[in-house]
1. Averaging the inverse of every distinct alpha carbon separation and then flipping it gives the Kirkwood radius. What is it for the range 170-318, in angstrom units?
2. Just add up the charged neighbours of Phe269: K/R +1, D/E -1, any other residue whose Cβ is under 14 Å from the Cβ of Phe269.
3. Would you tally the net charge around Trp576, using a Cβ to Cβ cut-off of less than 13 Å, leaving Trp576 out, and scoring K and R as +1, D and E as -1?
4. Which value in nm describes the separation of the simple spin-label points at Leu594 and Asn542, placed 7 Å from the Cα toward the beta carbon?
5. Taking the Cβ of Gly380 as the centre, find all other residues whose Cβ is under 10 Å away and add up their charges (Lys, Arg: +1; Asp, Glu: -1).
6. With θ set to phi - 60° and the Karplus curve 6.51 cos²θ - 1.76 cosθ + 1.60, what are the ³J(HN,Hα) couplings of the range 359-367 in order, to the nearest whole Hz, using x for Gly and Pro?
7. Where does each of 398-404, 370-376 land if you order them by average Cβ count within 10 Å, highest first?
8. In nm, to one decimal, how far is the Asp136 label point from the Lys279 one, both placed 7 Å along Cα→Cβ?
Amino acid sequence: MWAKLDLPGLSISRGSAKGEFRGRAVKVLDLLHYAAEQGSTDALAKLGEVSMFPPSSIPMNLTRAFNAYEAHASAAGSPTSQSMLGFFYATGYAGVVEVDQAKALLHYTFAALGGDQTAEMALGYRHWAGIGVPEDCMTALGWYESAAERAMAQFLSGPPGGRTLLLYPTRLSDLAGGVYGPGSSVASTGWNANRAAIRAGQARAAGETWQDILEFYQYHTDQGELEYTLRLGRIYYHGTLYTPAAGASAGGDAVGAVLQDYRRARQYFLRIARHMWPKDNLVAPLLGKRELDERSSVLVAQACGYLGRIFLRGEGVKADAKYAKMWFERGADYGERECHNGLGVIYKEGLLGSKDDTKAISYFAGASGADLAEAQVQLGRYHLLNGDTVSATQFFDIALRHGSPFEAYYYLAHIHANTARTVATGTTSSGSCAVALSWFKIVAERGAWKNDWMGEAEKRWNTGHDQDKKVAMLYWAIAAESGHEIAQNNIAYLLDKGESVLLGEDYGMTSDSARSALLYWTRSAAQNNIDALVKVGDYHYNGLGIADALAPERLEKAAGYYQSAVESQLSALAMWNLGWMYENGLGIPQDFHLAKRYYDLAMETNPAGYLPVTLSLIKLYARSIWYTVSGGTNHGLSLWDLRDAVDDHWYLGKSKDDAKKGRRNSLDGSIGEPIGEDAVQWARDRRDRDDQGDLGPEDYLFSGDGEDTESVEFVETLLLLVLCGLLAWLIYVRTQWVTRRAEEERRRRGAAGQADGQAPNAAGGRGEPPAAGIRDIMARFL
């Protein structure tokens, strides 16, 4: 029988209310110990859980958690406990055990064979990335496919239309404008600037709180404004301020999470619908309608779509297909796409009698024509079941373009997986394998309802308590081992900022936090995070987290990582870094022409970086000219190149014009990933429109392009001219100083030569050209 564990640090006085609460926690642990000693395997599992992911009243004890999971796995063969043991051996977390990838692989395999979805994802990721095993796409595909099958089974076990998707998790770096801050990070430039996490970070920096936004909406709702009422209902229905644009089933972003309340949402939707439909009528739903203006009719139709969905799925009310059909028919009368889709689901599932595929397809086609991704998935599935893979693939592809976050990925992944397994001329299709694997991975991560590591981590982190932050880091570490790129990025970002101190002695993944950060930056970069890729280059450039911090090879590797980031054509910072390395010949041969090329690319990629890039180009030309004058062997840049560069890249106010153009392009929702509706930005725009320019002092923060652009342009130009003048003056002073030094040296050597009876060298020295001295001086100067 399992020996009783010690409970260090839990002998708390029960004299106060807080002490009494903790005393009860101690009693819970004692009871779990006692039950475990009596042979209860469930008590072992619960003891491991409360020790590893404790509430605030119980201190975290990972050693006790490991022992409990080890005993539970031995006694009951639990897949969950096996998965936790695999995590401990894979990471050596908290120094509980030494890292042992062989044991980690063994425990993960037992857990996966027992049906643990987290272990299946971990094995899939390890075989894909080659962690402790050889890289093998087909083996990784098998594990991810199994995990995705479990996710889809959980999805279909929900109400008609599937379970509500989990909120999309947040990168902590996005709240700060990206790893390198706003404007410098790929995460906050171009179309990325419109993502929910970036906007949420800007709103928080401006001092806005979600409660303020909700009160603002509630105030206008109380004034009878239907637009605010509809949006408030959407917020409470989805549980986030950043609601999806792809349809009611598409989930939302966790960064704007609020308490989900279906009953409250139904009240708001019903308040809107009653303007047109004062009474319910199950027999003749379209009778008794009041006439409204066109805009109000559209809002009522959207509210009907949500009411029908609520009754169809039984969200906050008892499921009732008759009421759902009534509201769907009322909305469909105005062409509302969600209502057409809802009617299609009712006839497809036969919720009011026998199934009618003909009617269902007709309604799905209507919703699909209005670009509803959910309906396009339904049509794709219909064709797939009837053996028409070509038509099914077309519908699934269209659904992806319209923002389908789950089902379309699943079915397309199956199609590509079948292609990958088809043997053609003795080989398999590696391209199809990679596509299928990545899409099964998306499904498995979005469908982790049983073990929502990412969601739990975000909830714990947002409380702000030290222990909750420790638990959040543990959740992210588990998710990172399962291949979640966002979790890997969050851990790397916190380690990079030096916030691992929040974890105290409980964090001991490695003895060197820089080495751990580099590991997670590298894993994040391998999953197409460009900012993480640039970070990996930075770590090698600065010798952080690598075995030999002074090895010259590190600069070559840094240049290679920057080059990989440049090839994405997204990171202006990587382009600038590579230009700097070419200018200075660090890790790569010095080449002023290539340096100029990458500086130019940086400006073209991100016009907001006009000023620093322009200063870098001025310095580059000055350095190139002196390099040529001082006898450099490589060809430097000429003044004609400088003239062309100025003509191509600069005019008064160009940086501001380019920045505005880039901002306008970033607002195009058709570029990149679909952008969800932003309740915060919508409220700002609506307030500005209602105020009609009558701004108070607090509103200037959100005035956007209303700032004095001419003053900004003048300051930029003046600063540039001053810096150019200063540089010219320094060059002149240095030139005069070098000339005087050379003349003095020539005279001194001439005098010394005459004293020795020797003729001075015609070049002013004794066999050594003066250009070498000038080159040394300029090297020190530049």
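1. It is 17.0 Å.
2. Charge balance in the 14 Å sphere: +4.
3. -1
4. For Leu594 paired with Asn542, the spin-label model returns 2.5 nm.
5. Neighbourhood net charge equals -2.
6. These are the phi-based 3J(HN,Hα) values: 5, 4, 5, 4, 5, 4, 5, x, 5 Hz.
7. For the peptides 398-404, 370-376, the packing ranking is 370-376, 398-404.
8. So the label points at Asp136 and Lys279 sit 7.0 nm apart.
Values quoted throughout were computed directly from the atomic coordinates according to the rules given, and no laboratory measurement underlies them. Being a predicted model, the structure only gives us computed values, none of them experimental. Cβ sites come from the backbone with ideal geometry, for glycine too, and all protein chains shown count toward neighbours.
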